[in-house]
Structure formats: C-alpha cells, structure tokens
1. Counting Lys and Arg as +1 and Asp and Glu as -1, what is the net charge of the other residues whose Cβ lies under 10 Å from the Cβ of Arg116?
2. Can you give the calculated 222 nm mean residue ellipticity of the chain, where each DSSP H run of n ≥ 4 adds -39,500 (n - 2.57) and the sum is split over every residue, rounded to the nearest 500 deg cm²/dmol?
3. Quick one: what do you get for region 6-235 if you divide its Cα Rg by 2.2 N^0.38 Å?
4. Mind sorting Asp141, Asp167, Asp67 by how few other Cβ atoms lie within 10 Å of their own Cβ, fewest first?
5. Taking DSSP loops as anything outside H, G, I, E and B, show the longest stretch in the chain free of GluC sites (Glu not before Pro) there with at most 16 other beta carbons within 10 Å.
6. Which chymotrypsin sites (Phe, Trp or Tyr not before Pro) does region 111-153 hold that lie in a coil by DSSP with at most 12 other beta carbons within 10 Å?
7. Expressed as a whole number of Å, what is the distance separating the alpha-carbon centroids of region 168-237 and region 103-147?
8. Arrange the following residues from fewest to most other Cβ atoms within 10 Å of their Cβ: Leu48, Leu226.
Amino acid sequence: MARFDRILLKLSGQTLAGGASFGIDAERVRALASEIAEVARAGVQLGLVVGGGNFFRGVAAAAKNMDRVTADTMGMLATVLNALALQDALERQGVPARVMTALEMPQVAEPYIRGRAIRHLEKGRVVVFAAGTSNPYFSTDTAATLRALEIRAQLVAKGTRVDGVYDQDPLKYSDAVLFPEISYAEVLTRALGVLDGAAVALCRENQLPMRVFNLEQPGNILRVALGEPVGTLIRQG
C-alpha cells in the first residue's frame, strides 16, 4: 500500500529525450508514463512538473545573447511541449491527465487554478503543471516546490540521472559519496547542485520533505510512493 496520498513529482526535461541530446524520444516517454500510471493506479494522487532542458538546451548558446526574461520565457514554453507529450502518453495508458499552465494558452491547456487542480487530483487525474511559475528567474525546481505546497502534497520527489544527493558530482568524481539522508540546511550550506537553493529553502520553511532519486532505474517512482528508502531524503535535521 502506498505511503503517500499525494506527491509532486519533478522530472527533468532531458529525461524525455532518452538517449538523444534534443527533443522527445517516444519510447522513453511511453516507458515513463507506464511507471507513472502504475503509481496512479495504486491510489496516489500525482502532480507532475517537467523541465524543458531537452528543447531549451538545444538553443542555449543563442539564449546567452538574449534578454534573460525572453530566454526564460522560451524555457517555460519548452515545458509546455513536454507536458503535452506526457499527457498524451498517460492517456494512452488509460490514466486521465490534465495539463495546467501558468501562462495562459486556452487553446492548448487549462490555466492553472489551484482549486481546480486539487479537484482534478481528487478525481484521480494526474495533473501536469507547465510553464513554471510564469515568472522569469525561477527554476522548475522552485515551481515544483511551489505547486507542491499549493496542492498540499506530502512529498516533493525529484527524478534525476544519479542515485540521489552526493557530496560532489558523481558523474565527474568516482569517489563521490551518496547521502541516504541530509538536512535542508546542509544541502544549502554545502551548495550541493542537484537542487535549486530557492526550492530547498522553500521546503525548509514549510517543512516539506524532498526525495531525490534515480529516474533511470525502472520501478523507482513506485518505490518512492511506497515510502521505500530510495535515493536521498531531505528533511529537517
């Protein structure tokens, strides 16, 4: 039986690209949707926030010469593309899903309205929150934390390419040490880059636990929902 009733799952946009460096890999999205559907069928209410790196990193070089607000808006639009892909894949799995976007685009998705989002969740629909917070200068990590607090999620779960939070980048340093559990304060003090500092600070202020886990390992999303000690748990020390 699932430990959590409601979770906010944060996904990297790059995950949707599969083995490619750009765009959406249909098979990877299908496999990811299958795992998310399994959690939804277990009775867990799921909100999703997905990044846009699989599209935006492809134009990152050009964006360096852009106005920051313009570049961030492009990044937000990239998250909408990914949200729509996830919605389609989930519904093909027989799981109802809704995209709610912080930027108004009524022909494409519902506007984000907190009460409506909660009602969708209560009716068993997966809600994919897109376009970040609609504000520049805020990462999708921060958007995920904000939405988690607004919908009263019990956990923010961030899926990454590594097994959790390390003392240094495990993709660069073979002697990196994994933390099974770590406090908000230590993540911030050590400036561990796996999470945006503003997101961690917001969780600390509101005592919302976070779990960082390897999304590439099949079954890990369900394990997180079941409360298994997967990856790294971040909470008050």
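Here, each number is a calculation from the coordinates, and none is a lab measurement. Since we're looking at a predicted model, the values are computed, not measured. When we count neighbours, we look across all protein chains shown, and the Cβ atoms used for this are built from the backbone with ideal geometry, even at glycine.
1. Numbers: positive: Arg98, Arg114, Arg119; negative: Glu110.
It works out to a net charge of +2.
2. -11500 deg cm²/dmol
3. On the way: Rg = 16.5 Å, N = 230, 2.2 N^0.38 = 17.4 Å.
Computed over Cα atoms of region 6-235, the ratio equals 0.95.
4. Ranked by crowding around the Cβ, least crowded first: Asp67, Asp167, Asp141.
5. Answer from the scan: 105-215.
6. Details: sites: Tyr112, Phe129, Tyr137, Phe138; in loops: Tyr112, Tyr137, Phe138.
Sparse-neighbourhood loop chymotrypsin sites (Phe, Trp or Tyr not before Pro): Tyr137.
7. Region 103-147 and region 168-237 have Cα centres spaced 23 Å from each other.
8. Leu226, Leu48
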